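The numbers here are math on the coordinates, done by the rules we state, and not lab data. Note that this is a predicted model, so its numbers are computed, not measured. Quick reminder, even Gly has a Cβ in these numbers, built from the backbone with ideal geometry, and neighbours come from all protein chains shown.
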Amino acid sequence: MTNHHTCLRIEVRGVVQGVGFRPFVYRLALTHQLKGFVLNDDQGVSIEIEGAADSTRLFLDDLRATPPRAACVTSIETFLIAFQNFVSFEIRKSPVASTSKTVPVAPDLALCQECLNELWDPQNRRYFYPFINCTHCGPRFTLIEDVPYDRSRTTMAGFSMCPPCRSEYENPLDRRFHAQPIACPSCGPSLSLLDPSGHKLDVRPNALIAKCCELLREGKIIALKGLGGFHLCCDATNENAVASLRARKYREMKPFAVMFPHAQAASEFVLFNEAEKALLQSMAAPIVLLKKLRALLLAPSVAPKNQRLGVMLPYTPLHELILKTFNAPLVMTSGNRSDEPIAYSDPMALERLHGIADYFLTHNRPIHTRCDDSVVKIAHGRPIFLRRSRGFSPDVVTLNQPFSTSVFATGADLKNTFCLTRGNQAILSHHIGDLDNFETMLSFEEGFLHFKCLFGAIPQVIAHDLHPGYRTTKWVQENFSDAQWKGRVFGIQHHHAHLASCLAENEHRGAVLGLALDGTGYGLDGTIWGGELLLCDQRDFIRAGHLKTFALPGGDPAIHHPWRIAMALLTQVLPADEILVARERIFPEIALTQYSVILQMLASNLNCATTSSCGRLFDGVSALIGCTREVFYEGQAAIELEQLANNTYENRQKSLEPYLFTLTPNSGQSKIPFELDWRPAIRSIFQDLDARVPLISISYKFHAGLVEGFLKMTQMASRKYGIKTVALSGGCFQNDYLRDNLITKLEDDGFTVLFHKALPTGDGGIALGQAVIADRTYRGEKSCVWQYR
Ligand code: ZN
Ligand code: ZN
Ligand code: FE
């Protein structure tokens, strides 16, 4: 076979800028003795190569097989072109007209192995330098102010490169070629240690880390400026320190995350398998929820009443230096006071963390966009994202079908993330938080403006949650009510959005049965939904079934005091006098007067919200059996109830009979075909409590019964509508038992089950669904659900 010459044009798409792609191509071309050029353009990276056919083939193989680890290549297209007679291979400047706004911005990346080696090499000029980075690691998203991604448009603009840094920056063979945050001790950012009034402590620069560790050993709390904001940290083995952090932060129960010096050190405290270890050590370096070992050597207040511990490894050189010097686990929690957003500038930290932090370890590299740590767990080999933020944001979901125009979807008010679309890309924001105060709302608005600028998208269609009381809904009403927005603003039902997000992620067109098991979402009838079976597609839905409704006495407060929900459930299965008698046995800590007030409220249906929420049913049952009487953070009752069931599961007591949930095909005035009635289950729980059946068994029987119930409802609906595909979404599917058993049983029964791949199943994943539904509605697409009526 003759080895003739070829000339190829290669177009690479995806996250390929700011990740060392051009030097990689350059080196590859030299290795294979090819001539031509590589450049960044507004679509990604373009390459032209000329040389022996064998060499070009090998070049392509390598290009596909070994891209830089921070790159995320979505496509590589090749075209044969005419000979150009190149004389060398070079990295060319980007075309002037290119705006680069269609190229995804890379997320922040954890410290790479090569930089790590240099950090600990006394001969290296960046030895012990807390801001070491290269094209394969370091900050990106959090310091970009505008695009194209270039040092002058980052928060590094104020630092001018020293000659050695500049020569690395300009050398295509160097791994710091065009590494925008490149820095060294002589030209880059530096640390300082402040007292609460903002005064610098008089410590030599290279003794700062040691001083910090000394303070931590004394039990002090330090606010530490990281990649996307401040962390509050303290010695995780010192109960006094951890307890005072809880008290000062007003965080009673919600678990703290812990950072370990390395995986080996973590293995003395938690269990993890290879997949979990890989996730811990991945470039995104998220918080991974891992099973605690029985004899936990950490302070009890780190993660009270929780079988899991949120674990992460050092992901910046600064963390690395501190953790290795301290050589023991540190609590590493968001630098905020209760529900405020995480502080990310010195003045903000000094003001908001006043009274919490004893000292502030900060630096002069500004953070442009705050970004919280991501949280993920692995269950049955599947990553379950509880929060997708640092290391993943900005997250791009590429769909087969382009959006008809740019859509902005606000997301939900809790665990807010928003979504901006462009072409066939849905760009998902970092975690904004719970929009229940002015600061988080401000952060939401800043994020919206920043994303518009970063991705060059001007939204023409707006989507928000249907809830009239949501802050996002009010924000939309305030900002998009002019005549020009008529017919372009859409309120999207919460659970339809959950399910549409799952459908979009799975690229599923056509109608499915969607189970949305969730906390709370505003329903079409004005009640609170959350245990729903929707017959839906990406355009519309029919409510096909739901959990039997119950009351939330007093509305929202019932969520924090779930014994009220327990009473609402009891009133539907027991006469009032029996409930009154039962108080001393099941709610001894609730005063009789308080108890009677709630009973009266329920009897007269006064000040009671109505709900079909699965999450609230969990809360009620958890309270009823005494597992959780007071809720301090969202999902707490359900998590604690699930842990009980997991115990049973592990003890293989599978012979226990699940509680009965009955399915009543609706008749009479209700137009909803199916209702799942929990009353038989509550009756049995009450009897089991009397018979002193262990709580772990009760919890297990409840979980198992609920799975059987929803399975039955889905089967009946499947028979009625002739649909065999089921989508699952909503916060309750964070529950491993519920999710894994329901998926297994549905699949065993021949159903195709769709579940989230990367997006959270909770409200943090809802914005994509809102965007998709609004787009399909705007373009006037016909829904296929109506043919099933
Ligand atoms: Zn590096
Ligand atoms: Zn330098
Ligand atoms: Fe929800």
Computed over all unlike Cα pairs, the Kirkwood hydrodynamic radius of region 593-749 in Å stands at 17.0
re region 86-185: pairs of Cα atoms spaced beyond 22 Å account for a percent value of 34
What helix-only [θ] at 222 nm does the chain give? Using -39500 (n - 2.57) per DSSP H run of at least 4, over all residues, to the nearest 500, the answer is -10000 deg cm²/dmol
Whole-number value, in Å³ per residue, for the convex hull of the alpha carbons of region 549-639 is 84
Debye calc, one equal point scatterer per Cα of the chain, no solvent, log10 I(q)/I(0) at q = 0.05, 0.08, 0.11 1/Å comes to -0.28, -0.73, -1.29
Note: region 14-70 at 20 °C, 1.002 mPa s; Kirkwood Rh on alpha carbon pairs; Stokes-Einstein D in µm²/s works out to 186
Inter-part gap, Cα centre of region 561-586 to Cα centre of region 469-508, in whole angstrom, is 39
Note: Gln33 to Ile81 extended length (0.36 nm per residue) minus current alpha-carbon separation gives 15.4 nm
Relative to the chain, whose Cα atoms define the longest principal axis, helix 576-586 and its Cα axis are tilted in degrees, nearest 10, by 50
Region 418-550 -> Rg/Rh from Cα coords, Kirkwood Rh, value 0.97
In nanometres, the difference between 0.36 nm per residue of separation and the alpha-carbon distance of Glu239 and Thr744 is 177.6 nm
Log10 I(q)/I(0) at q = 0.16, 0.18, 0.19, 0.27 Å⁻¹ for region 553-600, from Debye over equal alpha-carbon scatterers, is -0.38, -0.49, -0.54, -1.12
Taking alpha-carbon centroids only, region 356-417 lies from region 746-789 a number of Å equal to 21
In the neighbourhood of Thr155 defined by beta carbon distances under 14 Å, the net charge of the other residues (Lys, Arg +1; Asp, Glu -1) is +1
In the neighbourhood of Ser244 defined by beta carbon distances under 14 Å, the net charge of the other residues (Lys, Arg +1; Asp, Glu -1) is 0
Per the 1/(1 + (r/R0)^6) rule, R0 = 60 Å and r from the Cβ atoms of Gln687 and Ala247, FRET efficiency to 0.05 is 0.90
Computed for the chain: size of charge dipole around the Cα centre, +1 on C-beta of each Lys and Arg, -1 on C-beta of each Asp and Glu, debye to nearest 20, value 520
So, over other residues within a Cβ distance under 12 Å of Phe755, counting Lys, Arg +1 and Asp, Glu -1, the net charge is 0
Semi-axes of region 1-147 from the Cα gyration tensor (sqrt of 5 times each eigenvalue, largest first, whole Å) come to 31, 19, 13
So the FRET efficiency between Cys162 and Trp120, C-beta based with R0 = 25 Å and rounded to 0.05, is 0.70
Each label sits 7 Å from Cα toward the beta-carbon; between Ser655 and Trp485 the label points are separated, in nm, by 6.3
Counting as exposed only chymotrypsin sites (Phe, Trp or Tyr not before Pro) in DSSP loop states with no more than 14 other Cβ atoms inside 10 Å, the longest exposed-site-free span of the chain is 251-631
Residue span Thr74 to Ile458: 0.36 nm per residue of separation minus Cα-Cα distance leaves a gain in nm of 135.8 nm
Per principal axis, largest first, the Cα atoms of region 151-273 extend in Å by 50, 45, 27
At the level of C-alpha centres, the distance separating region 1-66 and region 182-212, in angstrom, is 44
Scattering profile of region 473-611 from the Debye formula, Cα beads only, expressed as log10 I(q)/I(0) at q = 0.18, 0.20 Å⁻¹, is -1.00, -1.11
1/(1 + (r/R0)^6) with r = Cβ-Cβ of Arg789 and Lys211, R0 = 56 Å, i.e. FRET efficiency to nearest 0.05, evaluates to 0.20
